[in-house]
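Report on the following structure.
Any read-out appearing in this document is the output of simple, stated calculations on the displayed coordinates, not a laboratory observation. Please read these numbers as outputs of a predicted model, since none were measured by experiment. Glycine also receives a Cβ, built like all others from the backbone with ideal geometry; neighbour counts cover every protein chain displayed.
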């Protein structure tokens, strides 16, 4: 692709030269324009190629470093043992994988109903002035740094949970899930809101004309029609929840034990990486195991993007 | 709507109608209640953070050196590093992101390869930020052996920004009406001239909004910075050296809250949080308010 364009460029440059030697100033300008054009084009191609290169560079480096784990640790131990004790040569990552899956599931369980209700509220129920006020507010909330949410969880939520439950420690899955819910809620609501608003007005008119009221219209017509967009929003929120680091690390407790209750201090893939990476040697199995965990995260998030892509494509084909 | 309800309809019309009307009312109430409450709850929490921190702020806090042991440390170098890192990362990522977005919107043929490039861009934008941190460590600390530096942090942050900028550029350039493009070609401009004089100025609103979103996100990003630029500063104000450690404000907040041993950590964290929220909101609002006003004017 790039080579082909280079030949085009040299060809046009030769053409420009021959014309320039043959006649006056105006052709000179034309050659210059043509040169700028193709140079710009090539710069753009190079930039696009660079973006792909970054992704593959990341995939390659993560995989190459991560796969070294299995020199010393068996495949089965890494994935199916929950015994994480690197000082004594135990590298079972199951508890982190379980933590990530459980945390994401719990977050979605809390955040999806709320987000969809808020999306319905924004798209269907509110008067126009309130909608114009609330949409920008939600957009701003999307931009709040995650470390702020973590701070919020640590200083407000955890003392509050401690009072509510009467336990000494409230760090754990529930606290992390609530913090993540507050974080992903604006994202899921706004994207679902856009999906609901994109449902054509004639669908609603038809439903009302058949005598349904608003409740029936929303649940039988609008939500089914926008379900694909809502699933897209949920996957986006999920991707954010799985990859979130700082907000989780401040409230999850960071203890390498499998979470058997909502209030057991535990750890997830991201929090474990960030807590331990700076204290290990690069050329150690411990570090390789951390990279392997990062590679897992990377693969999960890429799979989700392919799923989103697939949903979008089917949506386009049907409409 | 099955057969039985339809056949009963004439007899039970009034009753069914009233019960579904009741549902409708309950549902409307529920939606109003939850919508308002949840949004107010989140906004209230952030407002509380701002209220706890902003009144205690002093100029001294904003530009004095943080201390490890005694009270009264400031956030000066961290605040400066935040802006410095953000600026370097944007200088690197904006040209590349814009060019890649322009390529995808304007030059790219419609084939499998370009579909694949688009998946790459989307895939890169979904990569968790901590992965960029690990990548930064493998690249800068291990391969180039320069340790935890501002340069490494800024480049890792630039990689994080790239896919967002690419997508936003592509979307805003695509949103330009094709008539404008055709008119420019009809006047004899080359493709480059069309892009420079027509497409980019028309798409400028979208581009600025996108760059602000990206900048706001990068300003508050902490996982990448912890891994690639470290949790310490060089301890000197206005340190432009690219190879000194570059703790940013967001990282400092985390550090003070969970690792520091200074007695007034609580207060420093409160103030740092409010500064962080304030600046992120400012980055988001200042550039976008004119655009909102503008779009409202053109719509009505």
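Peptide B:250-256 has a mean of 4 when you count, residue by residue, the C-beta atoms of other protein chains within 10 Å of its C-beta. In this rough spin-label picture, where each label sits 7 Å from Cα along the Cβ direction, the residue B:19-residue A:128 distance is 3.8 nm.
With only the Cα atoms considered, chain A has a convex hull volume of 240 Å³ per residue. Largest mean-square fluctuation among B:121, B:202, B:289, in a Gaussian network model of chain B whose springs join Cα atoms under 10 Å apart, belongs to B:289. The ranking of B:134, B:148 from fewest to most other beta carbons within 10 Å of each one's beta carbon is B:148, B:134.
Fewest-first ordering of B:24, A:28, A:193 by other beta carbons within 10 Å of each residue's beta carbon gives A:28, B:24, A:193. The simple Förster model, with R0 at 25 Å and r as the Cβ-Cβ distance, assigns residue B:56 and residue A:162 a FRET efficiency of 0.45.
Counting only other chain Cβ atoms within 10 Å of each residue's Cβ, the peptide B:218-227 averages 5. Placing a pseudo-label 7 Å from each Cα along the Cα-to-Cβ vector at residue A:88 and residue A:72 gives an inter-label distance of 1.6 nm. Coordinate range of the alpha-carbon atoms in region B:172-300 per principal axis, descending: 69, 39, 23 Å. So the label point goes 7 Å from the Cα of residue A:281 along Cα→C-beta, right? Which residues of region A:70-112 then have their backbone N under 19 Å from it? Backbone N within reach: A:70-73, A:85-91. Relative intensity of chain B on a log10 scale, I(q)/I(0) at q = 0.12, 0.14 Å⁻¹, equals -0.92, -1.09, per a Debye sum over C-alpha point scatterers of equal strength in the absence of solvent. Mean residue ellipticity at 222 nm, helices only, chain B: -24500 deg cm²/dmol; runs of at least 4 DSSP H residues each add -39,500 (n - 2.57), and the sum is divided by the number of residues. Taking the Kirkwood radius as Rh and the Cα radius of gyration as Rg, region A:33-139 has a ratio of Rg/Rh equal to 1.25. Grab the beta carbon distance between residue A:43 and residue B:65, set R0 = 51 Å, and tell me the FRET efficiency rounded to 0.05. Using R0 = 51 Å, I get an efficiency of 0.75. For the protein assembly as shown, the percent of C-alpha pairs falling in each 20 Å distance bin, counted from 0 to the bin holding the largest distance, reads 17, 48, 28, 6, 0.
Averaged over the residues of peptide B:265-278, the number of Cβ atoms from other protein chains lying within 10 Å of each residue's Cβ is 2. Fewest neighbouring Cβ atoms within 10 Å first, the residues A:293, A:62 line up as A:62, A:293. Highest GNM mean-square fluctuation among A:224, A:145, A:200, for chain A modelled with Cα contacts below 10 Å: A:200. For chain A, modelled as a GNM whose springs connect Cα atoms under 10 angstrom apart, the maximal fluctuation among A:280, A:184, A:249 occurs at A:280.
Spin-label model, residue B:114/residue A:201: points 7 Å from Cα along the beta carbon direction are separated by 3.4 nm.
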